[in-house]
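The values are calculated or read from the model by the stated rules, or taken from the named source; none is laboratory data. As the structure is a prediction and not an experimental result, all values here were calculated from the model. Virtual Cβ from ideal backbone geometry, glycine too; neighbours counted across all protein chains shown.
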Amino acid sequence: MSFTWFKSPKVILTLVVLLLCSLFSVNAQQLDGEQVKTAYLYNFLKHVNWPNDSDKKRYVIAIYQNDAFFQIVKSQLSGRQVKNTDIEVISADSLTQAAQADLVYVEVSPAIDITLLASDLRKTNTLLVTYNSEDKHNIMINLFLNVETSAIGFEINKSNIVYEGLSISNELLLLGGTEIDVAQLYRETEVAMQKMRLREAELKADLAQQSASLKNTSVKLRQLNEELEQRQHIAEQRQIELLALKKDINQQQQSLSIKEKQLSDVIVQLTAMKQDLEKQQSEVSAKELKNIEMEERIAKNRNIISKQRSQINQQGLQLDQKNVELEQRSALIEQQQFYLMILAIFISAVIFISILLVMLFIKNKKTTRKLSQTLTNLKEMQDQLVQSEKLASLGKLTAGIAHEINTPLGIAVTSTSSSLESTKEIKTLFEDSRLTKSAMKRYVTDMEHAAQLNTSSLNRVIELLNNFKQVAADQVVGEVRSINLPAYINEVMQTLSAELKRFHVSYQYSGEHQVEITTIPGALAQVLTNLVTNSLKHGFENRDQGNITIDVNKADDMVEVVYTDDGVGMNQEVLQNIFEPFFTTKRHSGGTGLGMNIVHNIIRQKLQGNISIESKPNEGAIFTLQLPLEISH
């Protein structure tokens, strides 16, 4: 099946401006790709009809496994209405949640099987909207990024939409439908126009036939009038003859009997003629009534013709309005070119800000060195072994975070330097009057990519610092507070990602995603850090790679955390003595034997839980932590 791709920059820019103006009424240069996709989702709700539209209390939009985009759509569309019905935006992590929505949005990635998703949503009256899907068979509406114009367009698979019992407006089908759909829509319009022309021709033929019939009736009426006049003339002549006979009565008394007989005959004839005349008059009256009815029919036909002419005039006005809209769209395209110039100025400002950020980063390096020296001094001042273990764990977090921060900051510096060189090059071309459209387009694209790269890198730095700040503060303060256990575990493991990478160990989380507990987060972070350290030093010794998984499940008033590694495992002797103080298998390499004892004491005393372990040689180790949902103060 072939799809209509919007490759024309003018069409894409016009479509985006119209959609976004109708949704947000903001300037075009203030919009990004996420807002464009949000505007598309709003207009899809407006132009798609569900079987039970009249009974809907709300339209539900589900964002599938994309929390960042869910927050954007929710902030833009929550509280809005379409077709006088409220819009609700939800985040769907499973197919069951997605099937309950009216519209499901999916950004296609290797982790998402779009064929399986489309199959599970089939026959649920759900509109599936995808982004950058290469599977054209299973999609309904697919958004895509036009590389040539850096604009977002869409394509429609009408057969899948109809199969779900949905219908779409002709305007949406004309903009995003296949060539066959557009041709069919054009054909239906042509057929309707042909039917209208045939109906007009039939009415004209009926009018001509009725006019001919009226002329024939008028001719017959004229003939009857002439015959009536002739008979009246005859009657007048006979009346004259009757008067002459009366004058001669006295003279013809002798022939009175004969004349009376003749007179009686004349009277009989006159009576018959009078009857004939009355009959003819009645026939003329009936024909006059028929003529009146015919005139009324002609008047009705004229009214019908006038209505049809008014309809044709209205259609002509609609065509004129379409022409006006096309002219307005042309004007918008010209305005868009002006916006592009403003966008170039905006990108220059972003580059300037990025340079300032790099300068601030270089300026803050000295502060970072001072902080590192302070941490080193603090480590040297620790006297007790338990406190040494705790600060060693914090030191590993610090080293891991420093290593993780260096990577995105290095990317940001490299991207900024590249942007500066591109800016100098485009400035040289501009001053030498050698600046071309293609060079400017390439420069704008490079600046956009550089800005996106800088933004993502700096956001990554902020995320790492926030995670480190919270975890480090928890380990130092040790206060009781409520946390989402799965999210907190992922934060701690993220701060240890540098150590995991150094030992080529992969981490995977499974289980529930929302478990609220009230505990001591710092103590829990120290437990996880010691478990990971134990796996890296002992479990994965002399191994090229390894895997660590953490599973969280809630049961009544307890939560179970299962920590698993696929390392070398433990024999029975190590398994029995692992929680004993000063027991270690690495005493010759500097092991203290307090790491797992500290873990055991923290879980039993501070976290008020239990810990158990299962392991066999060469089969890895499984640590099961049972924690209360709320510890007693």
### Task
Considering each of THR585, THR549, THR624, THR564 in turn, give the residue that is β-branched (Val, Ile, Thr), more than 22 Å from ARG481 (Cβ to Cβ) and modelled with pLDDT under 90.
THR585
### Query
For region 536-548, how many residues are surrounded by fewer than 17 Cβ atoms within 10 Å (Cβ to Cβ) and touching a strand residue (DSSP E or B) at 6+ places or on another chain (Cβ under 6 Å)?
1
### Query
Is at least one residue of region 521-536 modelled with pLDDT of 85 or more and in a loop (DSSP other than H, G, I, E, B)?
no
### Task
Could you identify the single residue in ALA118, ALA68 that is crowded, with 20+ Cβ neighbours inside 10 Å, in a helix (DSSP H, G or I) and assigned by TED's automatic domain parsing to the domain that holds SER167?
ALA118
#### Entry: Positions within region 139-151 being modelled with pLDDT of 85 or more and surrounded by fewer than 22 Cβ atoms within 10 Å (Cβ to Cβ), in sequence order
PHE144, LEU145
### Task
Would you check if GLY79 is on the phi < 0 side of the Ramachandran plot, in the same structural domain as ASP32 (by TED's automatic domain parsing) and of a type in the set (Gly, Ala, Ser)?
no
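Residue-by-condition table, conditions (1) surrounded by 11 or more Cβ atoms within 10 Å (Cβ to Cβ); (2) modelled with pLDDT of 75 or more; (3) assigned to a helix (DSSP H, G or I):
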{"position": "ASN250", "(1), (2), (3)": "no, no, no"}
{"position": "LYS259", "(1), (2), (3)": "yes, no, yes"}
{"position": "GLN275", "(1), (2), (3)": "no, yes, yes"}
{"position": "GLN280", "(1), (2), (3)": "yes, no, yes"}
{"position": "LYS287", "(1), (2), (3)": "yes, no, yes"}
{"position": "ILE298", "(1), (2), (3)": "yes, no, yes"}
{"position": "ILE312", "(1), (2), (3)": "yes, no, yes"}
### Summary
Only unsatisfied item for MET570, checking (1) crowded, with 19+ Cβ neighbours inside 10 Å; (2) in a strand (DSSP E or B); (3) among the aliphatic types (A, V, I, L, M), is (2)
### Task
Restrict the check to region 89-97 and report whether at least one residue is in a strand (DSSP E or B) and within 22 Å of ASP53 (Cα to Cα).
yes
### Query
Taking region 396-423 only, how many residues are more than 30 Å from LYS501 (Cα to Cα) and either surrounded by 14 or more Cβ atoms within 10 Å (Cβ to Cβ) or at pLDDT 80 or above (or both)?
4
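Being under 12 Å from the mean Cα position of the chain (by Cα) and aliphatic (A, V, I, L, M) narrows it down to one of ALA101, ALA118, ALA39, ALA68, so name that one.
Numbers: ALA101 fails: under 12 Å from the mean Cα position of the chain (by Cα); ALA118 fails: under 12 Å from the mean Cα position of the chain (by Cα); ALA68 fails: under 12 Å from the mean Cα position of the chain (by Cα).
Only one candidate qualifies: ALA39.
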### Message
Can you pull out every residue in region 121-132 that is in contact with a Gly (Cβ under 7 Å, 6 or more places away or on another chain) and assigned to a helix (DSSP H, G or I)?
### Response
none
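Restrict the check to region 533-546 and report whether at least one residue is over 30 Å from ALA92 (Cβ atoms), touching a helix residue (DSSP H, G or I) at 6+ places or on another chain (Cβ under 8 Å), polar (S, T, N, Q) and in the same structural domain as VAL599 (by TED's automatic domain parsing).
Going through region 533-546, the residues over 30 Å from ALA92 (Cβ atoms) turn out to be 533-546.
Narrowing the set further to residues that are touching a helix residue (DSSP H, G or I) at 6+ places or on another chain (Cβ under 8 Å) leaves 533-534, 536, 546.
Those still in the list that are polar (S, T, N, Q) too: 533-534.
With in the same structural domain as VAL599 (by TED's automatic domain parsing) added as a condition, the list becomes 533-534.
Scanning region 533-546, I find at least one residue that is over 30 Å from ALA92 (Cβ atoms), touching a helix residue (DSSP H, G or I) at 6+ places or on another chain (Cβ under 8 Å), polar (S, T, N, Q) and in the same structural domain as VAL599 (by TED's automatic domain parsing), so the answer is yes.
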